[in-house]
Structures are given as C-alpha cells and as structure tokens.
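Below you'll find the structure, written out as structure tokens, and then a few comments.
The values are calculated or read from the model by the stated rules, or taken from the named source; none is laboratory data. All figures in this text were calculated on a predicted structure; none of them were measured in a lab. Glycine also receives a Cβ, built like all others from the backbone with ideal geometry; neighbour counts cover every protein chain displayed. Calculation scope for accessible area: heavy atoms of the full protein, side chains included, ligands and nucleic acids excluded. Shrake-Rupley method; radii C 1.70, N 1.55, O 1.52, S 1.80 Å.
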Amino acid sequence: TVEKYIKAARSGAGLIWFEACAVSPEGRTNARQMMLTRENAESFRALVSEMKRIACEECGISPILILQLTHSGRQSIVPMIAYRNPVYEEKRPVSDECIVSDEYLDTLPEKYAESARLAVEAGFDGVDVKSCHGYLFQELLSAFTRAGRYGGSFENRIKLYLDCVR
C-alpha cells in the first residue's frame, strides 16, 4: 500500500485519493484494510509528508491528498446491513441479525469525525465520505423500508445522512 501511494506521488498527479480507509474495525472489508487511528497516525503523517516531498522534488508539484473514509457495511468481514435487500442478497445472503441498530448508527458520526480530525492532523487536504457500492451510507439512502430513525422517507434519511457527514 505504501509503495502504491509513493508511486502515485512520483507520477506527477496533482490529486491523489487514498481509497477506502475504514472508520471502525468492524466496518472493514478485510483485516488489512487501511484504518487511521491515534495509534498509527504518525505512520500516516510520515507517508503524507514523504509523498509531498517526493512530488515536490521529483515533479515540481504539491499534490492534493484526499483520504476516503468508509464503513463497508454489507461488504464488511461480517456483513452489517441497513435493511434486507433481495437484489444485494442474491450474491451474498445475510440474515436479520446483520441489520445494524439505530444505536449503532448513532455512533458513526463521531467515528467519521474522529477519522477526519486525524486525517487533517496527518496532513491530508480533505476527506471523502464513501457512499457507493452497497457500503453502509449508500444503503441507508435507500432504506425506505427500514424501521426506526434511519428508515422511512427519503427526506428523513437525507437529513440524517447530512447530519452524519457534517
């Protein structure tokens, strides 16, 4: 992974996107997926610094570095879903036990906020909240059959989604 991003710094790219950095251990697609934490923030800071140095010295540019934050939801090691979806479940069946509670979803804004704070401290220029490919936030946008605060009308879900990413 480090080599991939060093190579990107050497490429002359003006914008480099660090893909799919999990905001929680249970939200990872695999055990080796990136996750920025207080414990490893210095390693991220060192990589960002090295990338910016290489890009400046070798390419004469100062690239913008973005860290994509994600909770893989249905794609997690142990699937965590917003609701049952027969289309998604054709390829990867799940049970009702995989449906995350409103209480669990209530914890995510702080997890995203902490990851964003750490990204800024590590020298990233911004973050991107991944909301596609069946990941948890994307799935919540279509959760009109879900009971509770995170289901129902599209208007309600957009408001909650925006509250989460602020």
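Find, among the GluC sites (Glu not before Pro) in segment 66-140, those assigned to loop by DSSP (not H, G, I, E, B) with at most 10 other beta-carbon atoms within 10 angstrom.
Values: sites: Glu89, Glu90, Glu97, Glu103, Glu110, Glu114, Glu121, Glu139; in loops: Glu90.
Loop-located and lightly packed - Glu90.
The chymotrypsin sites (Phe, Trp or Tyr not before Pro) found in segment 43-152 include none that occupy coil by DSSP while having at most 11 further C-beta atoms within 10 Å. Carbon-plus-sulfur accessible fraction, segment 88-134 (probe radius 1.4 Å, protein heavy atoms only): 55%.
Using a Cα distance threshold of under 22 Å, what count of lysine pairs results for the chain when pairs must be 8 or more residues apart or interchain? Could you put the intermediate results ahead of the total?
Numbers: Lys4/Lys52; Lys4/Lys130; Lys7/Lys52; Lys91/Lys130; Lys111/Lys130; Lys111/Lys159; Lys130/Lys159.
Count of close lysine pairs: 7.
Over the residues of the chain, the helix contribution to mean residue ellipticity at 222 nm works out to -12000 deg cm²/dmol, using -39500 (n - 2.57) for each DSSP H run of at least 4.
Angle of helix 41-54 to the longest C-alpha principal axis of the chain, folded into 0 to 90 degrees and rounded to 10: 50°.
Just to confirm, what accessible area per residue do you get for the chain at 1.4 Å probe, in whole Å²?
On the way: 8810 Å² over 166 residues.
Per-residue accessible area for the chain comes out at 53 Å².
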